[in-house]
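What follows is a single structure, written as structure tokens, with notes after it.
The values are calculated or read from the model by the stated rules, or taken from the named source; none is laboratory data. Just so we're clear, the structure is a prediction, and the values are computed from it rather than from any experiment. Positions of Cβ are backbone-derived with ideal geometry, glycine not excepted, and every protein chain shown enters the neighbour counts.
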Amino acid sequence: MRIDVVTIFPAYLAPLDEALVGRARRAGLLDVRVHDLRRWATGVHKAVDDAPYGGGPGMLMTAPVWGAALDEVAGSGEGVPRLLVPTPAGAPLTQRRAASWASEPWLVLACGRYEGIDARVLDDARRRMPVEEVSLGDYVLAGGEVAALVVVEAVSRLVPGVLGNPASAELDSFAEGTGGLLEAPAYTRPERWRDLDVPEVLRGGNHAVVDRWRRDRSLERTAAVRPDLLDALLARHGAAAFD
Ligand SMILES: Nc1ccc2ncsc2c1
């Protein structure tokens with residue numbers, strides 16, 4: 001999979017050289033390319049922003065700069081990429097969306113700054129490629145770069161071959177393997193630590209019993225902190241969702 005990231009702060013994406021994503025890049029599983037948006041800015045000051053029409057605080061990133069950048073980046077490979085744009089005004093990032101993007105051959109992430117990007121940039125891009133705006137949640141960062149790191153990691157770990165053991169992803173919170181619930185509490189050695197014991201059932205070795213225990217703990221945890229997930233499962237599967 002190829003992933004391009006366009007930003008005015010390329011150094012913000014340095015963590016993509018590290019750990020899981022870094023190893024996958026060096027193994028040839030991921031082709032991650034970071035581009036400095038200012039490459040496509042013109043003029044002495046290489047300006048990438050201007051005041052918003054209609055007034056209002058702050059500045060907006062301009063269409064000509066982004067248009068030139070996306071033309072070149074999205075035109076530099078086989079086929080057409082899916083453009084992902086982190087923004088508080090986007091649809092929520094979910095494990096399901098990350099999984100769908102993990103099967104794409106090519107993603108481009110556009111990192112906005114300031115008050116965002118001139119709306120015509122996405123309108124124009126939609127004429128040539130699929131475009132999705134994605135939110136990390138109901139809060140605002142200073143720009144899209146940290147969100148891009150999150151999206152790249154959430155997607156990359158689901159790309160076949162990137163995780164050492166693909167079964168790990170199946171038992172993630174929100175994954176199919178946990179029925180869309182939060183994952184159960186997990187334990188490892190030592191068996192007793194500061195007067196706290198590993199639950200007996202996990203030391204017994206009966207896989208059916210362990211699976212049931214984990215399912216029950218997932219249901220409890222989800223009911224406690226994410227009852228909305230239970231409501232969605234109930235709506236989708238009826239009471240059978242909790243068998
Ligand atoms: N461009 C931009 C600005 C703020 C922000 N917060 C979460 S995603 C995002 C993206």
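For the range 99-118, what are the residues that are surrounded by fewer than 21 Cβ atoms within 10 Å (Cβ to Cβ) and under 15 Å from Val159 (Cβ atoms)? Across the range 99-118, the qualifying residues are Ala99, Ser100, Ala102, Ser103, Glu104, Pro105, Trp106. When Ser218 is tested against the conditions (1) surrounded by fewer than 13 Cβ atoms within 10 Å (Cβ to Cβ); (2) over 19 Å from Arg97 (Cα atoms); (3) not acidic (Asp, Glu), the lone failure is (1).
Scanning the range 85-107 for residues that are in a strand (DSSP E or B), within 16 Å of Gly137 (Cβ to Cβ) and not hydroxyl-bearing (Ser, Thr, Tyr) returns Val85, Pro86, Pro88, Ala89, Gly90, Ala91, Pro92. Number of residues in the range 163-182 that are part of a helix (DSSP H, G or I) and farther than 18 Å from His237 by Cα equals 4. Among all residues of the range 47-70, there is none that is in a helix (DSSP H, G or I), in contact with a helix residue (DSSP H, G or I) (Cβ under 8 Å, 6 or more places away or on another chain) and within 21 Å of Pro160 (Cβ to Cβ).
Within the range 78-93, if we keep just the residues that are surrounded by 21 or more Cβ atoms within 10 Å (Cβ to Cβ) and more than 12 Å from the ligand (Cβ to nearest atom), the residue that is nearest to Val134 (Cα to Cα) turns out to be Leu83. Screening the candidates Leu163, Leu171, Leu149 for the property of being more than 14 Å from Pro92 (Cβ to Cβ), within 15 Å of the chain's Cα centre (by Cα) and either surrounded by fewer than 16 Cβ atoms within 10 Å (Cβ to Cβ) or more than 9 Å from the ligand (Cβ to nearest atom) (or both) yields one hit, Leu149.
Within the range 16-46, take every residue that is touching a helix residue (DSSP H, G or I) at 6+ places or on another chain (Cβ under 6 Å) and surrounded by fewer than 18 Cβ atoms within 10 Å (Cβ to Cβ) and give me the one that is modelled with the lowest pLDDT. Applying the filter and picking the extreme gives Lys46.
Scanning the range 116-143 for residues that are more than 8 Å from the ligand (Cβ to nearest atom), part of a loop (DSSP other than H, G, I, E, B) and closer than 12 Å to Leu60 by Cα returns a single hit, Asp118.
Every condition in (1) more than 16 Å from the ligand (Cβ to nearest atom); (2) in contact with a helix residue (DSSP H, G or I) (Cβ under 9 Å, 6 or more places away or on another chain); (3) touching a residue at least 40 places away in the same chain (Cβ under 8 Å) holds for Pro105 except the one numbered (2). Scanning the range 192-234 for residues that are in a helix (DSSP H, G or I), among the acidic types (Asp, Glu) and modelled with pLDDT of 95 or more returns Glu200, Asp211, Asp216, Glu220.
Exactly one residue out of Val225, Val210 is in contact with a Gly (Cβ under 8 Å, 6 or more places away or on another chain) and β-branched (Val, Ile, Thr): that is Val210.
If we keep just the residues of the range 1-15 that are of a type outside the set (Ser, Thr, Tyr) and in a helix (DSSP H, G or I), which is surrounded by the most Cβ atoms within 10 Å (Cβ to Cβ)?
The selected residue is Leu13.
Among the conditions (1) of a type in the set (Val, Ile, Thr); (2) surrounded by 12 or more Cβ atoms within 10 Å (Cβ to Cβ); (3) over 17 Å from the mean Cα position of the chain (by Cα); (4) modelled with pLDDT of 95 or more, the only one that Thr178 does not satisfy is (4).
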